[in-house]
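Below: the structure, in structure tokens.
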Amino acid sequence: MSECPITKAWKILGKPWRLVIIDRLLSGSKSFNELLWSMKGISSRTLSKALRELCKEEIVKVEEANKRKIYSLTEKGRALTVIVKDIRDWSEKWLLKSRE
């Protein structure tokens, strides 16, 4: 029996910070520190691990520029654009607005 597609995707994207990292990279390439500064509450160790895993899954790619690692979305990662934006929009409408 083959694995459920939702379960398979959730094993990758459902881990802490994965969708937030993808969301931050939707606006373009970022250095490790730019990502770290843009994500309140994440440790550098956790970010490093998450980036390694997303690179392994070919959702994020890393390149070196001036001795800095620069992270960006691959084609596979950019294919998540609509999904991530829809989740952000849903959260803003139903979770964040309801607390005001």
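The values are calculated or read from the model by the stated rules, or taken from the named source; none is laboratory data. Given the structure is predicted, the values throughout are model-derived calculations rather than measurements. Cβ coordinates were reconstructed from backbone atoms using ideal geometry, including for glycine residues, and neighbour counts include every protein chain displayed. With ligands, DNA and RNA removed, areas are computed over all heavy atoms of the protein, side chains included. Shrake-Rupley method; radii C 1.70, N 1.55, O 1.52, S 1.80 Å.
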Handout entry: Which listed residue, of Lys67, Lys85, Lys61, is touching a Cys at 6+ places or on another chain (Cβ under 9 Å) and not acidic (Asp, Glu)
Key = Lys61
Problem - Matching residues, the stretch 1-28, being within 12 Å of the chain's Cα centre (by Cα) and among the hydroxyl-bearing types (Ser, Thr, Tyr) - result: Ser27
Practice task
State whether the residues of the stretch 83-91 include one that is open to solvent by less than 60 Å² (accessible area, probe 1.4 Å), without any contact (Cβ under 8 Å) to a residue 24 or more places away in the chain, outside any loop (DSSP other than H, G, I, E, B) and touching a Lys or Arg at 6+ places or on another chain (Cβ under 7 Å).
Solution key: no
Fill in the blank from the handout: Looking across the stretch 1-19 at residues that are part of a loop (DSSP other than H, G, I, E, B) and at pLDDT 90 or above, the single one that is farthest from Trp90 (Cα to Cα) is Cys4
Handout entry: Subset tally (residues that are open to solvent by 30 Å² or more (accessible area, probe 1.4 Å), closer than 14 Å to Leu13 by Cα and not hydrophobic (A, V, I, L, M, F, W, C)) for the stretch 73-82
Key = 3
Practice task
Name, by its number, the condition in (1) within 11 Å of the chain's Cα centre (by Cα); (2) part of a helix (DSSP H, G or I); (3) touching a residue at least 40 places away in the same chain (Cβ under 8 Å) that does not hold for Cys55.
Solution key: (3)
Practice task
Check Lys61, Lys69 and return the single one that is under 17 Å from Ile12 (Cα atoms) and assigned to a strand (DSSP E or B).
Solution key: Lys61
